[in-house]
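Notes for the one structure printed next.
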Amino acid sequence: MINRRTLLAGVATCFAVPTLLRAETEPYVLGTLFPMTGLLAELGGVYTNAVALALDHITADGRLKRPIVLRTQDSQSTPQGGAVGMSKLVNVDRAICVLTGITGVIKAAEPIGTRAKVMMLNGGGVGPDLAGLSPYLWNVIPLANQELPTALGWMKAAGKKRVALIYLDDPLGNAMLKGLRELLPGIGGALVGEFSAAPSAQQFSAIVAKVRETNPDAVYVASYGTQQTQIFKQLRDNGITQQIITYSVGGTPSVATLPEADGLLFTSQAADWSKPDARTQRFVEGWRSKYKSDPTTYAQNYYNGALLFSEMIARLEPAGVPIDGERLRESIQNGEYELVGGKARFANNGVVGMPIQLNQVKNSKFQKVG
Amino acid sequence: MLLAQLAIAGLQTGMLYALTAAGFALIFGATRIFHVAHGATFVLAGYAFLESVGLGLHWTVATLVSLFVAIVFGLLLDVLVYRPIQRHDGSFFTVFVASFGVSIAAQNLLQFIFGGGFVSLSLPLTRASQVLPGLYIAPVLWVVLGVTVLVFGSITLFLERTNAGLGLRALAQNPELVRAYGLSSRKLSALAFGLGSALVVPGSILAAITTGLQPADSAHVMLISLAAAIVGGIGSLRGAALAGLLLGLVENLVVSVVDTQWSQAASFLVLFGFIIFRPSGLLGKASQS
């Protein structure tokens with residue numbers, strides 16, 4: 001005869017078994033929180049293409065027991081859009097990992113991801129204050145303070161001691177201002193002018209007039225998206241002939257095609273597309289074949305981000321543990337990963353260690369110059 | 001010399017703002033439709049020009065293509081969006097939301113077709129050279145000046161010396177009376193949209209070669225148009241021109257005394273000043289063109 005305890009156990013099993021089975025077969029949800037509209041939409045397109053290519057390769061490899069599904073949200077290039085998008089990804093889509101970018105967006109979305117214990121991988125934001133922001137935020141891109149020493153090394157070697165800065169008044173721009181103020185005296189240089197621009201500004205003739213007044217040897221630009229490209233154009237159009245230099249955002253496709261950007265110098269993580277290792281070649285050839293162009297370092301970062309996610313899962317699956325943001329965090333903290341560009345190891349503050357190189361825009365192409 | 005340089009830059013920016021706002025001022029003045037999609041017309045016209053030049057067409061032909069695209073877009077909006085809403089006694093707010101929706105759809109369509117990146121045309125025309133020690137002027141300044149005088153001169157003559165122009169002004173002041181006199185308010189409304197949309201083309205082309213364009217620019221264009229329309233006096237074309245000039249000059253000259261990031265804020269301070277102390281604008285209702 002079935003007693004009450006057996007009956008209750010049976011009912012509980014009926015409810016639990018499908019849930020457990022579902023958990024065993026449910027795909028891994030990877031979210032993307034990219035700027036698909038707004039002033040940085042161009043970057044969102046590059047990021048998305050890179051993730052799509054990585055997922056093609058991950059699927060073709062068939063190493064994971066369960067598939068990865070992609071859920072996307074548009075950050076609209078704004079902190080507000082970032083917060084809303086992250087909220088949807090963690091609460092509705094139940095993403096266990098979110099690929100994101102843009103310093104201001106990350107800073108707005110991060111508390112939501114941290115509260116839900118979701119791993120966040122940044123491949124585009126370079127604000128130095130992203131380091132150590134959250135135990136769940138990991139940067140697969142070197143931050144701007146890691147790039148500045150390379151730029152300053154070039155300034156020292158080229159004798160460019162008087163530097164004028166045009167910066168966006170946001171966390172990234174202010175971090176660059178702080179970095180240049182601190183580091184320039186170390187090479188015997190000086191910041192001869194600091195000119196901030198509002199995020200929505202499109203006319204820079206007044207700023208250029210003030211830059212000219214300072215008679216700099218070089219002009220450092222710390223902005224991004226369309227605004228940055230507009231600054232390059234208006235600097236040249238308004239008679240500034242001095243060297244223009246910027247950080248990794250100089251590697252945006254529309255910068256390469258802008259005639260006024262010819263000669264622009266920018267720093268980025270080391271990226272050698274001719275590197276013979278199989279991983280780099282698969283990425284570069286895959287990109288060229290799928291998108292009919294050369295990849296950029298942003299593409300490399302987001303390809304690496306998706307690859308890192310699958311690699312972490314591949315290492316966790318044999319242990320049979322539930323895979324969530326917490327497990328992923330432990331995995332990235334303690335491991336070394338083979339990515340495009342070389343082995344990546346992350347510091348405890350979530351920053352990847354990678355060599356930095358100096359690039360130049362020449363004849364609509366990016367080339368390494370140091 | 002810095003002040004002279006800032007004044008020159010302000011003059012050029014101001015004239016571009018005036019050209020940007022002219023179409024919106026004309027359409028709003030004549031039809032009282034809050035045409036938010038004016039920004040989308042501006043961006044569409046700019047892309048049409050750049051793409052036509054990219055296809056190898058001469059700039060004059062590209063300008064005609066741009067004019068065609070702007071006028072057709074404006075007329076289609078009038079016929080397919082605004083008129084059906086107004087036929088069903090749609091409120092001002094309904095029309096506004098519909099226009100806003102069209103603007104977003106157009107922006108996304110442009111992004112889908114051309115990508116979200118920055119587009120521009122690099123010409124020697126925009127390259128400044130030193131004319132006096134410390135004073136740089138690009139040839140495009142004279143082009144902007146000439147185009148602004150031509151556009152505002154022609155449109156003022158049209159509004160004051162032709163029957164259609166008088167009809168448009170009458171439509172702005174008393175649509176009922178226009179109908180009582182046997183004029184078609186529907187035809188006059190179409191004329192306002194066609195002409196207003198055509199008016200964005202010079203500003204759009206000049207913006208494309210000086211600052212560049214991207215699909216998300218429509219909101220910025222609307223902001224300028226609205227500010228110039230309010231400061232100039234709602235419905236006044238001459239007011240919008242003067243206000244555009246004033247905003248451009250303030251935006252540039254103010255950086256001689258405050259930090260550069262406050263330049264845009266200063267021009268909007270002017271806007272708030274007008275809203276509070278002179279709501280009728282520079283050339284308010286009594287002196288509408």
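The values are calculated or read from the model by the stated rules, or taken from the named source; none is laboratory data. Here the structure is a predicted model, which is why all the values come from computation and not from measurement. Using ideal geometry, Cβ is built from the backbone for each residue, glycine included, and neighbour counts are taken over all protein chains shown.
The residue of segment B:140-172 that is modelled with the highest pLDDT, among those that are of a type outside the set (A, V, I, L, M, F, W, C) and surrounded by 14 or more Cβ atoms within 10 Å (Cβ to Cβ), is B:148. In this structure, does residue B:89 turn out to be under 30 Å from residue B:179 (Cα atoms) and outside any helix (DSSP H, G or I)? Yes. Name the residue that is farthest from the other protein chains (Cβ to nearest Cβ), counting only residues in segment B:252-285 that are surrounded by 12 or more Cβ atoms within 10 Å (Cβ to Cβ) and over 24 Å from residue A:199 (Cβ atoms). Checked segment B:252-285; the qualifying residue farthest from the other protein chains (Cβ to nearest Cβ) is B:285.
When segment A:238-272 is filtered for residues that are buried (at least 23 other Cβ atoms within 10 Å of the Cβ), over 25 Å from residue A:38 (Cβ atoms) and within 9 Å of chain B (Cβ to nearest Cβ), only A:238 remains. Residues of segment B:107-131 that are under 20 Å from residue A:204 (Cβ atoms), touching a residue at least 40 places away in the same chain (Cβ under 8 Å) and touching a Phe, Trp or Tyr at 6+ places or on another chain (Cβ under 9 Å): B:119, B:121. A count restricted to segment B:128-140 and to residues that are at the interface with another protein chain (Cβ under 9 Å from one of its Cβ atoms) and over 19 Å from residue B:213 (Cβ atoms) stands at 5.
Condition check: within 17 Å of the chain's Cα centre (by Cα), closer than 19 Å to residue B:218 by Cα, assigned to a loop (DSSP other than H, G, I, E, B) and not charged (D, E, K, R). Does residue B:72 satisfy that? Criteria not met by residue B:72. Residue B:147 passes every criterion in (1) in a strand (DSSP E or B); (2) touching a residue at least 60 places away in the same chain (Cβ under 8 Å) apart from (1). Can you pull out every residue in segment A:273-293 that is surrounded by 15 or more Cβ atoms within 10 Å (Cβ to Cβ) and closer than 29 Å to residue A:226 by Cβ? Answer for segment A:273-293, where residues must be surrounded by 15 or more Cβ atoms within 10 Å (Cβ to Cβ) and closer than 29 Å to residue A:226 by Cβ: A:273, A:283, A:284, A:286, A:287, A:291.
Each residue in segment A:173-231 was checked for being away from chain B (no Cβ under 12 Å), buried (at least 19 other Cβ atoms within 10 Å of the Cβ), more than 23 Å from the chain's Cα centre (by Cα) and outside any helix (DSSP H, G or I), and 5 pass. Within segment B:108-127, the residues that satisfy the criterion of being buried (at least 21 other Cβ atoms within 10 Å of the Cβ), at the interface with chain A (Cβ under 7 Å from one of its Cβ atoms) and over 20 Å from residue B:8 (Cα atoms) are B:111, B:116, B:117, B:118, B:120.
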